[in-house]
Each structure stands twice: as C-alpha cells, then as structure tokens.
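The values are calculated or read from the model by the stated rules, or taken from the named source; none is laboratory data. Here the structure is a predicted model, which means the values were calculated and not measured. Glycine gets a Cβ as well: all are built from the backbone with ideal geometry, and neighbour counts include every protein chain shown.
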Amino acid sequence: MSFLRYKTLIEEGDLVIAYLSRENMTPLIVDSQKTYNNKFGTFKHKDMIGKEYGTKMPSHNGRGFMYLLHSTPELWTHVVPHRTQILYVADISYIITYLDLKPGSVVLESGTGSGSFSHSLARTIAPNGHLYTFEFHEERAKAVKKDFEEHGLSDLITVECRDVCKDGFGITGIVHAVFLDLPAPWEAIPAAKGAFKQNRIGKICCFSPCIEQVQRTCASLNENGFVEIKMYECLMREHDVKTIPIYTVADAINKIKIQQDKKRKRKDQNEQDDANSSKFKQDPPNLYVTKTPNEAKGHTSYLTFATFLPVLDDE
Amino acid sequence: MSIETLVKCEENQVFEQDGSLILDNQYVFIQLPSGNIKVVKLQKDTNVSLGKFGTFHSNGIIGRPFGHSYEIYDRDQVKVIKNVAFYEVDETDANNKEILDDPSKQKLSYQEIEKLKKQGLEGQDIIKKMVESHSAFDQKTEYSKAKYIKRKEAKFSRVFTPVKPTLYSVWEYFFSKNPGKIRDMRIDTLSQILSLANVRAYTKMLVVDDTQGLVVTGVMERLGGYGIVLGIHDSENHNYDIVRYMNFSKKIHDSLMTLSWQQVFKEMQVPFNYQDESTLSEKDLKYYLRRKTDYERIRDTREILWKGEFDGLIVASQYQPESILESLMPYLSGSRPIIIYHINKEVLINACVHMRISKKFLNPQITESWLRQYQVLPGRTHPSMSTSGGGGYLLHATHVIINDSLPTPIPSYMKQKDTLEGADKSSEYHNNNAINETNEKINLEQNVISENYLMNNEELQEVDNKKARLD
C-alpha cells in the first residue's frame, strides 16, 4: 500500500526508491537476504530495515552513500521501466486539475502505456474512486497489471487489454472523466462519449504530440457534442542556482597589472616586488544567480480538453 | 474482477453528492454573455439579477445538472439552450477590401434597439434584426460575420451558463478578478504544487497559506475528507475566504485546522482559566463556553502540530521562506516533500542556497511553469495572441535524514575546511549564519564547491576533480 499510505519506517517487502543522484535512482523491494551493489559500494537490504524513510545510508565499505526514499507517483515516473513514452509532471498536474479529479472520481484512461500516469491518477482518486485503463499491447497490459498488484493498487485500477478504437471500452454511463493518449483519439471519442455518466457534467482530455492530430480531435469532439473545446501546452522549466563573482573594471585593470608585474619579475629576476603585486588581488563580491539549462524540454504534447454535457430528458 | 461485475458495483454504489447538481444554498459561478463571471449564493424562490443581461428565478436552475446554458425569456423564466462548441466557417470569395469602418452601415439606432427590447424582443431576435439592417453584412468575410455576431451576442444575448465550482473555476474567478489576492499563482503552478507535494487521501499536510486559502482549498479537495490539513496563517484569525466557494461537505470542512504564527510556538501558550460553569450567569456562560471551545481547539491543534510526522510542507507566503523552514521543518517526517511558492524568483534563490547548505534537503530545485493556450478552429489554429506572463516559481526538495552516528564519507575539502575554520558541520540545519558565512568566505575557487555542497556522490566526485584541476 506504499503508494496510497505513507510509512515512517522501512520494513521487509517495502518498495524503496534508492536515490544515488538526480539521474540515478533504482526501485528496490526490500529483501533481507539481498544485497544491492552499485558503483558507490555495497548496500545490504537488512541494514535498511527499521530505518526511517529518507535516511541517508552509507555503503558497507564507506565509499559512497544513497538515500532511501518513499515511493511516490513522481519518483515512480523516474524509475518506471520505460516501456513507452511517459507523461511529465507539468502535464500530469494540469490534466488532473482540469479533469476535476479528486477522491471518489471515476476515470477512464487509454492507453495505459507504462502505467506511470495511472499511478498519478490512482493517487488522486483513492480511496473510493476507480480507474479503468485500457492497453491494446498485451505484454504491456500484463506488465502494468503486475506493477499495480505489487503496488497495492489492484482494487483501484482495472486494466484490460483491448483495442478501444475498434472495440470500444465495454463500459457505459459510469465515468466522470476520460483521458485519451492514442495515436488517433478521434476514433475513440464516440465510444468515450458513451462511457460518461450521462446525467452529469464530465471532462475529457486528449493528449497528442502533433497539431494535425489536435485538429482532427477537435472536429470529432465538436461532432460528438462536446463543448468548451480548449487546447493548451504546459511545460516546466528549471532554474539552476549558483554563485558567480562580479568583477569590476578595476579588477580588470588589476589583473593586467599583475600580469605585467609577473613579466617584469621574470625580466628583472627581482623578487622584492612580490609583496607589492599581490596586494592588488581582492576577493570579488559574489552574486546568487539562476540559469536555465542549455537544453530543456521544448514540447511534450498538446492537451485538448472538452466538456461532456449532461444528457437532457428529452434527448 | 471483470469489467462487467465492476460496472454493476458502480451502479449500486451511492456516491456522495459530488457537486454535479445545482443546489439551493450553494455557491455557483455564473458566466455572463460578456464573458465576465458573477458569483452567486443561490437561494430558492428568489430572483437572481444579472445586471443588463436580465433577471431569472432561481428555481429555474436549482436541481438541474451543471453544464448547460440557459436563456432568459418571459422576464424571469429560463430555458436550456443548445450549447455548441464552434460552427464550421467556410471561406468565401468575400474579402476585407471593401470594408470601411463606418458606423452608419448599421441602420438600427441605439434608441430603436432599446424600443425593440421594450417590445419584449429577446436576445437572439435582436441580433437577427441587427444583422438584417446591416447594409454591408454580406460584404463581410465569413470569419468577420461570425466575429460580428459574437460581438453582438456579448452585448445583447440573454444566455448565461452556471459554472460548477471546481478548483479550476474558483481559481479562474479570483485570478481574473484580483490576481494579487492569490499572490499571482497560476493554476498550472497550483496543480504542480499538489502533485509535487503528493497530496492525496490519508495524508497530513502542513500548509502556510497567504493566498486567501487557495492552496488550502486545493489540498482539502485532494484529501477528500481523509486526512488533515493544518493551515498556518497570517494575523490573528485566518482569512481562507476561497474555501467556502467550493461547497465542500462537512467531512471535508472538518479536515481543515488552523493556527496563527503566534500559536505555533510553545512558549507563547497562555493557560486557560477554567471556571465552575454553574456559578456563571447565562450571558457570561455563553461567552465563557465560546472562549473555552476556542481554547480547546487551539490546544488540540497545537498538540497535533507538535506531535509532528507531517507528510508534506507547502508554503505560499509573504514571509521569508528560511524562517518558515526553521519553524516548521521539525514537524516533517523523512522522505516527505517541501514545496515553496513565490511569484518572485529572488526570494526562492536565497531559500535554495539555505537548503543546499543544510543537510536536510535533498535535491532542492527551482522550477517555473509555462502555459500557452491555442485557438483551434478549422483553418485558423494558432497560439493565443496574449497570455499570462508568468505563473510564479516553485522551490521543491525532499526532507532527508542524516544519522550522525553512522559514518558518512566526507570529501577531502570538507575535512580541511572543518579543521581550518572550526565550522560545526553537525549543527542544526537552521544555521542562520551559514548563508552569511558562505557569502563572505566564498572566493572564486570555492564557488564551484559551495554550490555543490553535499549534493550527491556523482557531483561530489566531479567537484573533487574540479578542485584537483584548480589546485
């Protein structure tokens, strides 16, 4: 249940995210018989048991260390075996809010992919909501089903292997929100319409990387009676903090003087000047600054949202 | 369980009222033809005035589901009108060549329009009349015809849409009305706070909210009544005005607890003077009981805070983040998130440096969200011409626990620093002097080191290499 309830202490069988660096994390299932080896050293699982989550653990030979983190959907996104393209936190967050998800919501997702977004959805709709997720790739469907079981999410998530564009969802009139991450979402929109709980408002999001897909999606949403069709792009940009020295023109002149002194020294072989020349050197004031990375995510996907209207009695 | 049996379960399950119906005595946002939004607390058997767009009787919409638009007719009656996404606009041969900005093209005068209104002509009919009496309407391109009608609708239409209060719609209302009140926080940033803080049922969240309760509202909704949100507020009484617009159930309201900054600290406790209730007059008793309830609420909330083991700390406050961390970090469990929001990045830069110097924060980073809306229409798809310039910044990190009894590898330059300067590296994380110290001591060489200070193995190795190069 570690995705749905926080724990304080690490126990046998827990899922721990071993954090070595920002780019290097590994999921571990704690098994007191096992040892985890990496380039920073040897870590015995049995040493983790009883420790508080978040503990910084030194390796057995003292060469390195790692942090023992509690699993969260965000960390799982980092460590999920990359079976497909995953969604990023900016998109995930915006979609969840826009679809008005909260404990108790009933959601439909297709395709499941690596199940990374399913974890975020399950987190938000727990404990009394439900996620129906559909994946047409059989191996992937099996793999995520196993993940959900291991992570205690089976009661919240129903996975089915199904080609929804051809065969529909097999559910009608029960969901509050729909999320479609499919190559041709417009093929699934008529079936999605039927999956909505018919007497209440609902929200749909289609996730497509190409603008041509967005245009066909919007046309289909319009034809199927969806309203408030809106499209967004959402990205997250990092600002790295560092300190830089701020030199002045006087520093620049000093620097030249020092260089000249050195030259003269070499010429004259006179060491008495040494003390005089070094007095120019001063520590410059430092400034905290931020810098955006040279390369950042420029596009993930377009998010097309629309509203499902409750069906009127005479319709 | 197969899909079919689950479907059956769902149908039999009685959901709590999930806010999808328009109900009496609840808040509702009303979108007007002009695009403006009006907030109304609906009361049955009353008239709701929408200013120049008319008045309607509340019973006309109470009990109906959210989603539809309504048109006012017969003075105060309403009927559902078909809500359409967009009309397909076909391009014709017409172009803008002959179009001149000439108000005389519209033959109907203001007085005549007012007269039509008095005769009881409804919104759509007036617009139709105006189109008919526009001498150059046919010369317009199809796009500008659609634009013209839309513009007239914003003025004369009597169609309104009751909007369900959701985190999004409530935010939209406050952001468009007075963004300063919610510290200019944009919804994408708020959404990221809720994700990064891992807010969900069965969590205990600590929130410092100076955004009129916007952040607290988001947290309460995601807890769904299963958990606690402890709001630390400015002033003596909290000002979480936004919470009420969500029409939360009692269960969700009960998950909110509040303390003022003064009440957070143990030494500020004022003991309550318990009295014998039978000796008090009726008037005094009422006052006494209110004071007693207040005292006990604060006492119990303080106990909950001091017990600690909170699952996340969210800060969206005007006060210095470092001072907030110093006050509240002791109450946070390990491997739990800390998220600090500010509209000014500079405030977060100092807090980020503070976090890096302390050993209790793993991977502090500053991020900024970027949001862009597009117009998607057949043949006319492009990003919006104007947009919000910024949605604020987030500083986020994970609380980690350093057990000093365990040997921790210390890089060579750190050992050297310790012996040279006698700096106490095992001191509390809230070493106020730490920042000043570094400010003073950092020189060109040490820059490289200080910013990577105790980050992680790989970076430390890299720093060692850099150091070697510098030497």
Practice problem: Output the residues belonging to region A:188-224 that are surrounded by 17 or more Cβ atoms within 10 Å (Cβ to Cβ) and at the interface with chain B (Cβ under 8 Å from one of its Cβ atoms). | Solution: A:ARG200, A:ILE201, A:VAL214, A:GLN215, A:CYS218, A:ALA219, A:LEU221, A:ASN222
Exercise. Counting only residues that are under 20 Å from the mean Cα position of the chain (by Cα), give me the strands (runs of 3 or more DSSP E) lying completely in region A:1-102 with at least 3 of them.
Key: A:15-21, A:24-29, A:65-70
Quiz item: Would you pick out the residues in region B:231-256 that are in contact with a helix residue (DSSP H, G or I) (Cβ under 8 Å, 6 or more places away or on another chain), in contact (Cβ under 8 Å) with a residue 60 or more places away in the chain and within 19 Å of B:PRO165 (Cα to Cα)?
Solution: B:ILE242, B:TYR245, B:MET246
Quiz item: Do we find a residue being farther than 21 Å from B:PHE174 by Cβ, within 21 Å of the chain's Cα centre (by Cα) and surrounded by fewer than 19 Cβ atoms within 10 Å (Cβ to Cβ) anywhere in region B:292-312?
Solution: no
Quiz item: Are any of the residues in region A:240-252 more than 7 Å from chain B (Cβ to nearest Cβ) and within 34 Å of the chain's Cα centre (by Cα)?
Solution: yes
Quiz item: How about region B:314-367: which of its residues are in a helix (DSSP H, G or I), of a type in the set (A, V, I, L, M) and touching a residue at least 24 places away in the same chain (Cβ under 8 Å)?
Solution: B:ILE324, B:LEU325, B:LEU328, B:MET329, B:VAL347, B:LEU348, B:ALA351, B:VAL353, B:MET355, B:ILE357
Practice problem: Can you confirm whether region B:393-407 contains a residue that is facing chain A (nearest Cβ under 10 Å), at pLDDT 95 or above, under 28 Å from the mean Cα position of the chain (by Cα) and part of a loop (DSSP other than H, G, I, E, B)? | Solution: yes
Self-check item: Total residues in region B:245-262, condition buried (at least 19 other Cβ atoms within 10 Å of the Cβ) and of a type outside the set (A, V, I, L, M)
Solution: 4
Self-check item: Criterion: closer than 22 Å to B:LEU50 by Cβ, within 14 Å of chain A (Cβ to nearest Cβ) and in a helix (DSSP H, G or I) - qualifying residue of B:SER176, B:SER169
Solution: B:SER169
Self-check item: Residues of region A:155-187 that turn out to be more than 10 Å from chain B (Cβ to nearest Cβ), part of a loop (DSSP other than H, G, I, E, B) and either closer than 21 Å to B:PRO65 by Cβ or in contact with a Gly (Cβ under 8 Å, 6 or more places away or on another chain) (or both), as a count
Solution: 4
